[in-house]
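This report refers to the structure that appears directly beneath it.
The values are calculated or read from the model by the stated rules, or taken from the named source; none is laboratory data. What you see is a predicted model, and the numbers here were worked out from it, not measured in a lab. Heads up, the Cβs are rebuilt from the backbone with ideal geometry, glycines too, and the neighbour counts pull from every protein chain shown.
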Amino acid sequence: MLRRPAVLAVGAALATALALTLTFAPGAQAATSTPTPSPPPGDTTPPTTPTGLTVSTNCSLELTLRWNASTDDVGVVDYEIYRAMSGSTFAPFATATTTTYVGRLGGFSQYQVRARDAAGNVSAFTAPVTAYVPPCPPPTSTVPPTTRTPPPAGCSATYAIVATWPGGFQGAATVTNTGATSTTGWTVTLTFPNGQRITQLWGGRTTSTASPYVVTNETYNGVIAPAGSVTFGFIGTWTGANTAAVATCTRTP
């Protein structure tokens with residue numbers, strides 16, 4: 001009974017030493033938490049604006065758009081093509097994954113292009129370009145003229161507006177042989193009531209610079225069979241009003 005306090009004291013000392021050993025053991029480190037890195041911010045940089053947009057058309061009414069490629073820090077995925085028809089605003093028209101687009105010409109129209117990257121960022125639009133119906137010889141008809149009793153010798157001319165837009169228009173005149181013999185040449189006079197001016201002509205020739213315009217045949221379309229017809233076209237400008245021209249015709253012989 002006299003030794004029990006000593007045993008208890010020794011046990012308490014061992015417990016204390018063990019606790020100190022566990023707490024300050026060599027190499028022991030306190031647990032720490034590693035922060036999770038934040039995700040990189042999303043791509044908000046748009047591609048550069050495409051440059052050098054050009055447009056060309058041909059007599060098959062095929063439209064070709066070409067431009068220089070854009071650059072982007074991630075990568076351009078496609079190009080968005082917008083179109084504005086006569087008198088309308090620009091609207092989505094087509095997309096292309098290369099720097100060339102080939103499609104059908106729908107008449108007088110304007111086009112502009114912008115680039116889009118993988119994150120959906122879009123560049124600014126290019127400056128718009130304008131597509132016109134090209135000056136082409138009229139197609140040769142393979143359908144024979146309808147047989148009918150010819151009217152007295154002469155010819156007639158019919159004027160039509162094909163398309164119009166602010167300040168400009170496309171017109172055409174059809175020359176019909178109303179005689180019993182073939183023509184060797186023809187002359188059409190177009191008199192515009194509102195001062196319209198012709199800036200481009202195909203299928204005919206003129207030296208006139210203002211109304212009335214005197215248009216003569218080309219070398220390939222001067223001969224018109226009885227009851228046959230040929231058509232010439234043109235691009236013109238107008239201010240204020242675009243009333244139809246008065247068309248008259250004479251023929252040789």
Sort out for me the strands (runs of 3 or more DSSP E) sitting completely within region 187-253 that have 1 or more residues that are small (Gly, Ala, Ser) and over 14 Å from Thr164 (Cβ atoms). 229-237, 246-252
Test set (1) over 30 Å from Ala127 (Cβ atoms); (2) among the hydroxyl-bearing types (Ser, Thr, Tyr); (3) at pLDDT 90 or above - Ser38 fails condition number: (3)
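For (1) in contact (Cβ under 8 Å) with a residue 12 or more places away in the chain; (2) out of contact with any helix residue (DSSP H, G or I) (no Cβ under 6 Å at 6 or more places or on another chain); (3) surrounded by 18 or more Cβ atoms within 10 Å (Cβ to Cβ), each residue gets a yes or a no:
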{"residue": "Ala160", "(1), (2), (3)": "yes, yes, no"}
{"residue": "Gly167", "(1), (2), (3)": "yes, yes, no"}
{"residue": "Val175", "(1), (2), (3)": "yes, yes, yes"}
{"residue": "Trp186", "(1), (2), (3)": "yes, yes, yes"}
{"residue": "Phe192", "(1), (2), (3)": "yes, yes, yes"}
{"residue": "Gln196", "(1), (2), (3)": "yes, yes, yes"}
{"residue": "Gln200", "(1), (2), (3)": "yes, yes, no"}
{"residue": "Thr206", "(1), (2), (3)": "no, yes, no"}
{"residue": "Val215", "(1), (2), (3)": "yes, yes, yes"}
Are any residues in region 159-182 closer than 15 Å to Gly203 by Cβ and not aliphatic (A, V, I, L, M), and if so, which ones? Tyr159, Gln170, Gly171, Thr174, Thr176
Val230 being crowded, with 18+ Cβ neighbours inside 10 Å and under 30 Å from Asn58 (Cβ atoms): yes
Evaluate region 114-133: report whether one residue or more is of a type in the set (Ser, Thr, Tyr) and modelled with pLDDT of 95 or more. yes
Could you say whether any residue in region 81-88 is in contact (Cβ under 8 Å) with a residue 12 or more places away in the chain, exposed (fewer than 14 other Cβ atoms within 10 Å of the Cβ) and in the same structural domain as Ala69 (by TED's automatic domain parsing)? yes
Could you give every pair whose Cβ atoms fall below 7 Å, whose first residue belongs to region 229-253 and is farther than 25 Å from Ala180 by Cα, and whose second residue is hydrophobic (A, V, I, L, M, F, W, C) and in a loop (DSSP other than H, G, I, E, B), counting only separations of at least 6 or pairs across chains? Ala245/Phe192
In region 43-80, the residues that are of a type outside the set (Val, Ile, Thr), assigned to a strand (DSSP E or B), farther than 30 Å from Pro138 by Cβ and touching a residue at least 60 places away in the same chain (Cβ under 8 Å): Leu53
